[in-house]
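Engineer: Quick one: this structure, given as structure tokens, is what I'll be asking you about.
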């Protein structure tokens with residue numbers, strides 16, 4: 001187990017587990033979530049088939065500590081740079097070519113919700129609570145949460161979430177597609193871990209990587225470009241599979 | 001209007017509504033010939049004013065079981081241009097042409113409605129996803145089984161599923177590769193309506209007659225709300 005800034009990392013059965021480990025609320029020590037270099041190092045093992053993000057204890061994360069943020073501003077630390085770093089970290093997470101599941105128990109606020117939004121699948125407990133409380137302090141989510149929530153739940157609902165600062169419960173979160181699965185309390189970790197294992201265990205990494213790249217393309221490219229890439233990846237896999245079935249690549253062309 | 005004969009497709013036209021039937025019994029597998037003919041059918045439908053709506057369906061009990069994997073692998077193996085290390089250099093035309101056909105279908109200015117019964121798997125589901133509307137009969141069987149052959153959907157299936165059903169569902173359906181039901185498909189927003197099998201075609205025709213009056217693709221969800229709920 002490795003730890004940095006109260007975030008810990010371990011690998012279990014080819015699944016990497018990132019634990020927000022600052023109980024009880026698992027506040028993020030750094031507004032930028034965690035150092036990019038560390039995340040890159042942790043996720044670089046080439047046998048990993050998936051990543052899970054969870055909180056230690058009863059909650060996922062209360063997000064960044066506002067006192068820290070305001071202290072940084074008072075001390076004229078470069079908050080802009082810190083936020084930019086954070087965005088890069090979450091972009092890296094979102095663009096990994098293995099699936100990332102956020103396993104959410106209890107509260108998931110602010111920066112915590114932004115981390116969850118950068119994940120590909122969100123599982124939460126029936127007592128989970130979600131919010132962007134930033135507006136109450138006259139600020140807005142700063143790690144791409146505004147943009148990602150528009151993408152995930154649509155403009156009107158994202159606006160309401162961000163502008164009101166209101167909390168929403170698990171059921172409402174699922175209704176607006178903010179979460180994908182609701183499971184009973186204390187079952188979130190096991191469900192997420194098993195789900196991720198079931199998805200990936202019988203699949204070679206080449207297939208998992210291709211699916212993840214295609215999903216990334218769906219987020220970032222035009223439909224024409226995304227389809228060209230999808231066909232290309234299909235073709236690469238088909239070629240490999242044809243060779244595998246033929247037993248050798250020396251088969252007569 | 002004289003409609004040409006095809007070997008894997010039946011094309012009919014009745015009062016402005018075209019019916020494109022995949023026709024390769026028993027399961028209407030999409031072979032090489034199908035994709036070639038499909039491209040020329042689309043060209044014909046696009047150019048002829050007489051077509052004011054297009055329904056895509058399968059002849060007999062099934063929509064289609066999708067591409068034939070062994071045939072496809074063989075074609076890719078023979079036609080893909082590779083470098084000295086056997087790595088892919090150029091995607092063969094026959095594959096690129098397929099996705100271009102799907103994009104063309106989606107860009108039609110007339111409504112395209114897939115009417116699905118029986119199996120709708122792999123490339124066939126991708127074809128359906130590029131239709132503007134999808135109706136299905138009860139007990140239809142859907143799936144993107146490519147991953148179980150160490151492949152991925154290659155004709156926009158991942159892209160479309162992401163947009164329609166969201167990332168989590170796309171990931172689950174594509175990586176698991178298992179089949180799912182009409183009710184699941186409705187829940188995932190992959191189909192717009194499920195009806196008893198017997199009334200599938202009449203429902204599709206009735207819907208086509210309504211929506212071809214003033215079809216605009218950006219009003220898709222309005223038509224679904226108005227005529228299919």
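Engineer: Would you please put B:214-221, A:178-185, B:142-149 in order of how densely packed they are, using the mean number of other Cβ atoms within 10 angstrom per residue and starting with the highest? All intermediate terms of the calculation are to be shown ahead of the outcome.
Structural biologist: Numbers: B:214-221: 11.8, A:178-185: 19.0, B:142-149: 22.5.
The packing order, highest mean first, is B:142-149, A:178-185, B:214-221.
Engineer: What 222 nm value per residue comes from the helices of the protein assembly as shown, counting each DSSP H run with n ≥ 4 as -39,500 (n - 2.57) and dividing by all residues, nearest 500 deg cm²/dmol? Could the numbers behind the result be given before it?
Structural biologist: Details: 19 runs with 213 residues, N = 482.
Rounded to the nearest 500, the figure is -13500 deg cm²/dmol.
Engineer: To test your reading of the geometry: what angle, between 0 and 90 degrees and rounded to tens, separates the Cα axis of helix B:167-176 from the longest principal axis of chain B?
Structural biologist: The two axes meet at around 60 degrees.
Engineer: Give me the percent of DSSP beta bridges within segment A:2-200 that run antiparallel, rounded to the nearest 5.
Structural biologist: Values: 11 of 33 bridges.
Expressed as a percentage, antiparallel bridges in segment A:2-200 total about 35.
Engineer: Quick check: Cα centre of segment A:81-129 to Cα centre of segment B:46-82, how many Å?
Structural biologist: Between the Cα centre of segment A:81-129 and that of segment B:46-82, the gap is 39 Å.
Engineer: Okay, moving on. I need B:132, B:59, A:59, A:92 ordered by Cβ neighbour count within 10 Å, fewest first. Show your work: numbers first, answer last.
Structural biologist: Details: B:132 21, B:59 18, A:59 24, A:92 14.
With the fewest neighbours first, B:132, B:59, A:59, A:92 line up as A:92, B:59, B:132, A:59.
Engineer: So, one more: At q = 0.11, 0.16, 0.19, 0.20 Å⁻¹, what is the log10 ratio I(q)/I(0) for segment A:119-253, with the Debye formula run over Cα points and no solvent?
Structural biologist: Here log10 of I(q) over I(0) equals -0.61, -0.99, -1.15, -1.19.
Engineer: Now for a separate question. What is the mean number of Cβ atoms from other protein chains located within 10 Å of the Cβ atom of each residue in peptide B:168-181, rounded to a whole number? Each step should come with its number before you reach the end.
Structural biologist: Values: counts 12, 3, 5, 12, 7, 0, 8, 12, 4, 3, 0, 0, 0, 0.
Partner-chain Cβ atoms within 10 Å, mean over residues of B:168-181: 5.
Engineer: Give the percent of DSSP beta bridges with both residues in chain B that are antiparallel, rounded to the nearest 5. Display every interim value, and only then the final one.
Structural biologist: On the way: 10 of 31 bridges.
Close to 30 percent.
Engineer: Determine, for B:14, B:192, the number of other Cβ atoms within 10 Å of each Cβ, and report the residues in order from fewest to most. Working shown, then result.
Structural biologist: On the way: B:14 9, B:192 23.
Sorted ascending by nearby Cβ count, the order is B:14, B:192.
Engineer: So what does the Cα-only Debye profile of segment B:87-229 read at q = 0.11, 0.16, 0.17, 0.22 Å⁻¹, as log10 I(q)/I(0), no solvent term?
Structural biologist: Debye output, listed in q order: -0.42, -0.86, -0.96, -1.45.
Engineer: Still on this structure, please answer the following. I need the Kirkwood Rh of chain A: take the reciprocal of the average 1/r across all distinct C-alpha pairs and report it in angstrom. Don't jump to the answer; show the numbers that get you there.
Structural biologist: Working: mean 1/r = 0.0521 Å⁻¹.
One decimal place: 19.2 Å for the Kirkwood radius.
Engineer: While we're looking at this one, here's another question. With axes computed from alpha carbons, what is the tilt in degrees of helix A:223-246 against the longest principal axis of chain A, rounded to the nearest 10 within 0 to 90?
Structural biologist: For helix A:223-246, the angle is close to 50 degrees.
Engineer: Per residue of B:79-91, count partner chain C-beta atoms within 10 Å of its C-beta, then hand back the mean as an integer.
Structural biologist: Other-chain Cβ atoms within 10 Å of each residue's Cβ, averaged: 3.
Engineer: Sequence gap at least 6, Cα distance under 8 Å: using those rules, report the relative contact order of segment A:2-200 to the nearest whole percent. Please list the in-between numbers first.
Structural biologist: Values: 407 pairs, mean separation 39.1, N = 199.
Worked out over segment A:2-200, it gives 20 percent.
Engineer: Fewest Cβ neighbours within 10 Å first, please rank A:140, B:190, A:135, B:9 accordingly. Kindly include the intermediate steps, with their values, before the conclusion.
Structural biologist: On the way: A:140 12, B:190 24, A:135 16, B:9 21.
Starting with the residue having the fewest Cβ neighbours, the order is A:140, A:135, B:9, B:190.
Engineer: When Cβ neighbours within 10 Å are restricted to other protein chains, what is their mean count per residue of peptide A:74-83?
Structural biologist: Numbers: counts 0, 0, 0, 0, 0, 0, 0, 0, 0, 0.
Partner Cβ neighbours, averaged per residue: 0.
Engineer: Would you report the distance distribution of C-alpha pairs in segment B:49-108 as whole percents per 10 angstrom bin, up to the bin with the largest distance?
Structural biologist: 16, 34, 31, 15, 4, 0
Engineer: Below 8 Å, C-alpha to C-alpha, sequence gap of six or more: please give me the relative contact order for segment A:61-175 in percent.
Structural biologist: Working: 164 pairs, mean separation 29.0, N = 115.
Once divided by the residue count of segment A:61-175, the mean separation gives 25 percent.
Engineer: Can you check how the C-alpha radius of gyration of segment A:205-246 compares to 2.2 N^0.38 Å, as a plain ratio? Show your work: numbers first, answer last.
Structural biologist: Working: Rg = 11.3 Å, N = 42, 2.2 N^0.38 = 9.1 Å.
Compactness ratio reported: 1.24.
Engineer: For segment A:1-33 and segment B:175-229, compute the distance between their C-alpha centroids and round to whole Å.
Structural biologist: 45
Engineer: Something else now. Starting from a Cα-only point model with no solvent, please compute log10 I(q)/I(0) by Debye for the protein assembly as shown at q = 0.14 1/Å.
Structural biologist: Log10 I(q)/I(0), no solvent term: -1.29.
Engineer: Roughly what angle does helix A:188-200 make with the longest principal axis of chain A, taking Cα atoms, 0 to 90 degrees, to the nearest 10?
Structural biologist: The angle comes out at about 20 degrees.
Engineer: What share of the DSSP beta bridges in the protein assembly as shown is antiparallel, in percent to the nearest 5?
Structural biologist: 35
Engineer: How high is the relative contact order of segment B:1-146, in percent, counting Cα pairs under 8 Å that sit 6 or more residues apart?
Structural biologist: Values: 256 pairs, mean separation 33.1, N = 146.
Rounded, it is 23 percent for segment B:1-146.
Engineer: Any number yet on Rg/Rh for segment A:36-133, C-alpha, Kirkwood? Please report the intermediate quantities before stating the final value.
Structural biologist: Values: Rg = 14.5 Å, Rh = 14.5 Å.
Rounded to two decimals, Rg over Rh is 1.00.
Bear in mind that the values in this text are calculations on the coordinates, not laboratory data. Nothing here was measured: the structure is a model prediction, and the numbers come from that model. Please note: Cβ atoms are built from the backbone with ideal geometry, for glycine as well, and neighbour counts cover all protein chains shown.
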